[in-house]
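What follows is one structure encoded as structure tokens, with my remarks underneath.
The values are calculated or read from the model by the stated rules, or taken from the named source; none is laboratory data. All values reported here derive from a predicted model rather than from experimental measurement. Note that we place each Cβ from the backbone using ideal geometry, even for glycine, and neighbour counts take in every protein chain shown. Only protein heavy atoms, including side chains, enter the accessible area calculation; ligands, DNA and RNA are left aside. Shrake-Rupley method; radii C 1.70, N 1.55, O 1.52, S 1.80 Å.
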Amino acid sequence: MCGIVGFSGTREAAAVLIDGLRRLEYRGYDSAGIAVADGENINVAKVKGYVKNLAELTHDGADIKGTVGVGHTRWATHGAPNDINAHPHMSSDGRFAVVHNGIIENYALLRQELTKKGYKFASDTDTEVVAHLLEMYYDGDAKRAVMKTASRLEGSYSLGVICRDGRLFAMREQSPLILGLGVGENYFASDVAALVPHTKNVIYLEDGEFAELTPDSITVYDVRGRAVDKPVSRVTWDVEAAEKGGYEHFMLKEIMEQPACFKATVEPRIKDGRIEFESFELSDEELHGINRIIITACGSAGYAGQVGRYVIEELCRIPVAVELASELRYRGPIIDGHTLLIVISQSGETADTIAAMRECKQRGARTLAIVNVVGSTIAKLADHVIYTWAGPEIAVATTKGYTTQVAVLDMLAIYLADRLGLMDKERYDKLIEALHDMPGKLQRAIDLNRNIKKLAKRLCGHNDIYFIGRNLDYAVCMEGALKLKEISYIFAEAYAAGELKHGTIALIEQGSLVVTLACYEPLFEKTMSNIEEVKARGAQVLAVSLEDNRQILKKADDFILVPRTEPILNPIAEVIPLQLFAYYVAKERGCDIDKPKNLAKSVTVE
Ligand code: F6R
């Protein structure tokens, strides 16, 4: 969703801001803009469309003079995506320019109040109220105006404010904002991708805090304006990790990175053949006290949770419910101190997930977050955090984010089962060995499926595609179908294979494409029967099967093979060809793979 950047230095700001915005493009947006202060005036450029349009308009920033500025990529919430609603927004007196991520929930009331006082609004956005409030509260002290303005705002925001005299502020309330410390220049951004080309030394702002940036200093204040001592953290991502590295798309690069990301996530947590988590210390009493697990997340993170549910229930015999965060947050969840809430999120900033987590925490749940972005809101809110070390994920459609989440859930299930005394040593050791072998297996899952491009070319014309499977296969179907629909715009849906005949089979007709996942061997024969059923109604079957189980080949029209792993780890290998299938189908259809329409990478508003 929206991205913001800010810069205070001694060189021209515009080019730095535009480069920063380019690095935030992946978050999803529909317009872009910058505002730069030259000491006397604020110079603004903004356009509907892409950062490249902004770069063209300003000759790569050369037309916009000044050494302090803010930039924004907007994902429209209030008001259509157009030049006028694009940020930055100015106060009427031209003293302040504002960029904003999030939603000002009380903007309608504030707009009414300001309009009555004679302030004229140029846009339909909620953000513009901030610029006028700043003007209203300005009495010669910009810091005081910032504080008074913040005290009037309800909702979520990260805000960047410049004054025409060159002062630069950043404020945070329930929306990510990171400050970057450079040499003779300082920065802020809504995520580290925009900071890493300049610095790896960062400060994570907390809700209610704001900061003033000059070329030589960053001062962070609490809500009452008192200076706060903030720790400086070191970002581990490097700039190459957030670039395409020769691949045509980030998504393909990220698919290919999965063996390495699995290794980075799993290996450091296996010490002398035993799983150890850096932040999950539960006493035996606490552990045995857990009688229920709720997994909450959105989208693919929720589908990773679906895999986790099967594995945790099988190994730990603890009931697990997977709940959509957008539903759970409003359902008055039934929770007590015996509930472990597992919160899964790549970005750590998904608004619904954060809200569901807060709700459950308030009701007494112990929380464990599985998160990729260090220092993100969900990581900070959780009692325990297990990071997925997938590195920056830039493509909107998650791939390595999902597989590393499943990897952590698998490890967690093994760890809990062992501590609960439900796993013998032989099985434990075998699973640890299997975890060590997985990077190689994942590479094989990629290598085995070099024919997927051709398959995609032949099958990309279907308008709707059904994914069926049972147990773990069904959980993987959900992710496979989501990948396909979000990047290729083909209607795709996952069905539990056993449910077909209770309704959906009515849709199957001559030529319907049914992707059938048949890697879960305990129910293999059942899935074979489902293949018969859909074939009898004219369906074309693309089967996904273990490479050494050739029985399915006689029944399917096409097939994808997956290396055999320990069954509970299989979903991680199984999803890779489905990611590749979605990728190549989308490519055949000429879709914007890394930035699918209407989607944003980090959904920071409800
Ligand atoms: C799908 C996808 C989304 C995210 C979802 C949650 O490819 O990426 O469905 O999984 O928006 O995002 P995070 O994991 O950042 O909370």
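To keep it simple, each residue is scored yes or no on (1) open to solvent by less than 20 Å² (accessible area, probe 1.4 Å); (2) more than 15 Å from the ligand (Cβ to nearest atom).
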| residue | (1), (2) |
| --- | --- |
| 341 | yes, no |
| 358 | no, no |
| 365 | yes, yes |
| 378 | yes, no |
Requested in this report: Please find, among 328, 282, the residue that is within 16 Å of the ligand (Cβ to nearest atom) and of a type outside the set (Asp, Glu).
Outcome: 328
Query raised in the report: If you check 508, 576, 552, 593, which single one turns out to be closer than 24 Å to residue 306 by Cα and not charged (D, E, K, R)?
Result: 576
Requested in this report: Give me the pairs, please: first residue somewhere in the stretch 328-354 and not assigned by TED's automatic domain parsing to the domain that holds residue 377, second residue anywhere and part of a strand (DSSP E or B) and within 16 Å of the ligand (Cβ to nearest atom), beta-carbon distance under 7 Å, and either six or more positions apart or on two chains.
Outcome: none
Query raised in the report: Is it the case that residue 424 is surrounded by fewer than 23 Cβ atoms within 10 Å (Cβ to Cβ), without any contact (Cβ under 8 Å) to a residue 40 or more places away in the chain and away from the ligand (no atom under 16 Å from the Cβ)?
Result: yes
Query - Given (1) in a loop (DSSP other than H, G, I, E, B); (2) loosely packed, with under 14 Cβ neighbours inside 10 Å, index of the condition residue 240 fails - result: (1)
Query raised in the report: Residues in the stretch 43-54: is at least one among the hydrophobic types (A, V, I, L, M, F, W, C), over 25 Å from the mean Cα position of the chain (by Cα) and open to solvent by 20 Å² or more (accessible area, probe 1.4 Å)?
Result: yes
Report task. Within the stretch 285-314, track down each residue that is within 16 Å of the ligand (Cβ to nearest atom) and assigned to a helix (DSSP H, G or I). Result -> 299, 300, 301, 302, 303, 304, 305, 306, 307, 308
Report summary line: For the stretch 358-387, pairs from a residue that is over 22 Å from residue 233 (Cβ atoms) to a residue that is open to solvent by 40 Å² or more (accessible area, probe 1.4 Å), with Cβ under 6 Å and 6 or more apart or across chains, are 359/329; 364/336; 364/337; 366/383
**Report entry** Conditions (1) modelled with pLDDT of 95 or more; (2) open to solvent by 50 Å² or more (accessible area, probe 1.4 Å); (3) among the basic types (Lys, Arg); number of the one not met by residue 501
**Finding:** (1)
Query raised in the report: Got a sec? Which of 597, 601 is of a type outside the set (S, T, N, Q), within 16 Å of the ligand (Cβ to nearest atom), out of contact with any helix residue (DSSP H, G or I) (no Cβ under 9 Å at 6 or more places or on another chain) and modelled with pLDDT under 95?
Result: 597
Report task. Just give me the residues in the stretch 168-186 being more than 20 Å from the chain's Cα centre (by Cα) and open to solvent by 10 Å² or more (accessible area, probe 1.4 Å), in sequence order. Result -> 181, 182, 183, 184, 185
Query raised in the report: Quick check: anything in the stretch 395-416 open to solvent by 10 Å² or more (accessible area, probe 1.4 Å) and within 14 Å of the ligand (Cβ to nearest atom)?
Result: yes
**Report entry** Single unsatisfied condition, residue 262 versus (1) farther than 30 Å from residue 429 by Cα; (2) crowded, with 21+ Cβ neighbours inside 10 Å; (3) at pLDDT 95 or above
**Finding:** (1)
Query raised in the report: Filter the stretch 188-243 for residues that are closer than 24 Å to residue 347 by Cα and of a type in the set (Lys, Arg); which is farthest from the chain's Cα centre (by Cα)?
Result: 230
Query raised in the report: Has the stretch 550-563 got at least one residue that is open to solvent by 10 Å² or more (accessible area, probe 1.4 Å), touching a residue at least 60 places away in the same chain (Cβ under 8 Å) and either touching a His at 6+ places or on another chain (Cβ under 7 Å) or away from the ligand (no atom under 16 Å from the Cβ) (or both)?
Result: yes
Query - Qualifying residue in the stretch 41-57 (condition: farther than 16 Å from residue 73 by Cα and part of a loop (DSSP other than H, G, I, E, B)) - result: yes
Query - Residues located in the stretch 192-217, provided they are under 23 Å from residue 236 (Cβ atoms) and among the polar types (S, T, N, Q) - result: 199, 201
Query raised in the report: Residues in the stretch 459-481 that are touching a Gly at 6+ places or on another chain (Cβ under 7 Å) and over 18 Å from residue 573 (Cβ atoms): how many?
Result: 0
